[in-house]
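See below for the structure under consideration.
The values are calculated or read from the model by the stated rules, or taken from the named source; none is laboratory data. In this text the structure is predicted, and so the values were computed from the model without any measurement. Note: ideal-geometry Cβ built from the backbone for every residue, glycine included; neighbour counts use all protein chains shown. In case anyone asks, the SASA skips ligands and DNA or RNA and just uses the protein heavy atoms, side chains included. Shrake-Rupley method; radii C 1.70, N 1.55, O 1.52, S 1.80 Å.
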Amino acid sequence: LADLWWIYSKPVPADGRELRILFLQCSCITIVIGGLFYNWMFASLEYSWHLSVAMAISFSLLLLLTLLLVHPARCVFSMIMPTLGTKQGRKLLFSTCTMIAVVNITPNIISNIKTILQVIECICKNSSDSLLNSTALLEKVSWEFGDAIQETIHSLYKPMNGHFRFSLLHNSSLVYQKMHLAGEKISREFLSVEVLVKDSMRVANRLVAGFFMLYLCFESTWYLKKYLTNLRFDNFYITKKLEHLAMDRKAAHLLVGSSKKLIRPTGLKLSWEELALCLVQAMLVTVALMLMLVVMAMDHFAFSVADTAVRKAAQFSAVPITLNIKYQVSAGVSWIVPFLFKVFGRPSEKLLLGDFNRTYHHHLIFSSAHCRISPPTPSNPSVLLVVGLLFCILYATVFLETYARRLCRTIAASFFQSWEEKRVLYLYKKLSRRHRKE
């Protein structure tokens, strides 16, 4: 492995064997990165497969030529891998989590809301239909009641017309039509909102992901530029070259006295500045986690409401309505009429004109099996698992960022060993001056 890395980090291969090994190394790296690039474009950014294949092949060929011919490009590319463990890698993971939420969680929330609206629409349609049917019952009652009044035996007291007319039944089709149009309008609006949100977030995620990838390359290039131009940049490590230099000059005490300010790049010790930065980054990741948990809670709440609405709507029982009409009419007579009745031999008591006593039954129905209600969709456990795994990686990168930065320095030192010797000599002279002042 050390030999392979030595060949990979050399500016120019020494012979044909090293050139062939370097070409094989760059080819393997290109194939792996090309496959990951295709999966990233097709699965995460949701580009078409043919565009993803074309972009992946073009990117792989360009990457192969760049790695094979440009030595600093190999260094920058090698530093990109540990840079994924820094804040730039976290930004890419945040972008991935956002895309997962938009593509999977948001449509699920909208689907459950549509189910709730379908339940409300079903209840409104059935209740209005049942209510309109109750007007038909009232019309039947009115006609029977009118007929009973018309059938009185005393034509002197018979009314001209005892019927009532109901015109509400003639507007039932208009009610159904308006309710159907309202439901279709709500469905179209929800569909347009869902499409708009998904398209907008897809475009935004593509732009943000592309920007983060470019910035990731820029940050690695910036680190290498600072490393090659500034001797003080990221130069506070006790490396093996520094130890050998101090031992050769019999100044090992410089490293012992400065152990609180210098750290070993291969050790696990964190300085106070590095630890404070990790805590701040962990708080930012926690805020993002809370926002994602709010979105997941909304998804679970929408499913719970939709599931409860569907179950309760199916359990709605018909409400019985009993209409009882008791009608009795009698006519009283004055003192003249009894006298006339006595003359003609008729009874003089009050005349009974009519008696009506009937009971009618009706049921108000709020739900029906014929309603088109889509079943509520629960949260996808695989989405929750993926998001949880991504946030575990995010928390891991918070504490691995320091070690990733140390790895970047080690990679740059292995690619530019002569410059690393200058940096070690500069740090040694700095420690010597500080020791003399003390």
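Brief remarks on what is shown
- Alpha-carbon centroids, region 274-293 and region 1-75: separation in whole Å: 34
- Expressed as a fraction of 2.2 N^0.38 Å, the value expected for a compact globular protein of N residues, the C-alpha radius of gyration of region 1-69 is 1.33.
- Ranked by solvent-accessible area (1.4 Å probe, protein heavy atoms only, all chains present), the residues E401, E46 order from largest to smallest as E46, E401.
- Potential lengthening between W222 and M283 on full extension [0.36 nm per residue; Cα-Cα distance subtracted]: 19.3 nm
- Amide H partners (placed H, <5 Å) of Y360, local residues excluded: L323, N324, I325
- Each residue was assigned an accessible area with a 1.4 Å probe, and for H361 the value is about 130 Å².
- For K240, a cut-off of 13 angstrom between C-alpha atoms picks up these aspartates and glutamates, skipping any fewer than 8 places away in its own chain: D248, E420, E421.
- Paramagnetic reach from E273 in region 386-414 [backbone N under 14 Å; point 7 Å along Cα→Cβ]: 402, 406
- Cβ-Cβ FRET estimate between K87 and H435, R0 fixed at 25 Å, reported to 0.05: 0.10
- What region 69-141 shows is 36 Å² of accessible area per residue, with the surface traced by a 1.4 Å probe over protein heavy atoms.
- Calculated from backbone phi, Karplus (6.51, -1.76, 1.60) coupling profile of region 383-388 in Hz, x at Gly/Pro: 5, 4, 5, 5, 5, x
- The residues packed around T397, meaning those with a beta-carbon under 12 Å from its beta-carbon, carry a net charge of +3 if Lys and Arg are +1 and Asp and Glu are -1.
- Cross-link table K87/K225; K91/K430; K87/K198; K114/K140, entries beyond 29 Å C-alpha to C-alpha: K91/K430; K114/K140
- Counting only protein heavy atoms and using a 1.4 Å probe, the accessible area of Y47 comes to about 70 Å².
- Residues whose placed amide H lies under 5 Å from that of T86, excluding near-sequence neighbours: none
- Of the residues W40, W49, the one with the largest accessible area comes first in the ranking W49, W40, computed with a 1.4 Å probe on protein heavy atoms.
- HN-Hα J in Hz across region 424-438 - Karplus 6.51, -1.76, 1.60, θ = phi - 60°, x for Gly and Pro: 5, 5, 5, 5, 5, 5, 5, 5, 5, 5, 5, 5, 5, 5, 5
- Taking a ≥ b ≥ c as the square roots of the eigenvalues of the Cα gyration tensor, an a/c ratio of 1.5 or more together with a/b larger than b/c marks region 354-438 as prolate.
- Surface composition of region 384-432: carbon and sulfur make up 74 percent of the accessible area, probe 1.4 Å.
- Modelled label reach - K198, point 7 Å along Cα→Cβ, region 370-390 residues with backbone N closer than 16 Å: 377, 380
- Taking a ≥ b ≥ c as the square roots of the eigenvalues of the Cα gyration tensor, an a/c ratio of 1.5 or more together with a/b no larger than b/c marks region 396-438 as oblate.
- Stretching the chain fully between L323 and L293 yields a gain of 5.4 nm (0.36 nm per residue, less the alpha carbon separation).
- Per-residue SASA remark: H435, around 90 Å² accessible (1.4 Å probe; ligands, DNA and RNA not included).
- C278 sits among other residues whose Cβ lies under 15 Å from its own Cβ, and their net charge, with Lys and Arg +1 and Asp and Glu -1, is +2.
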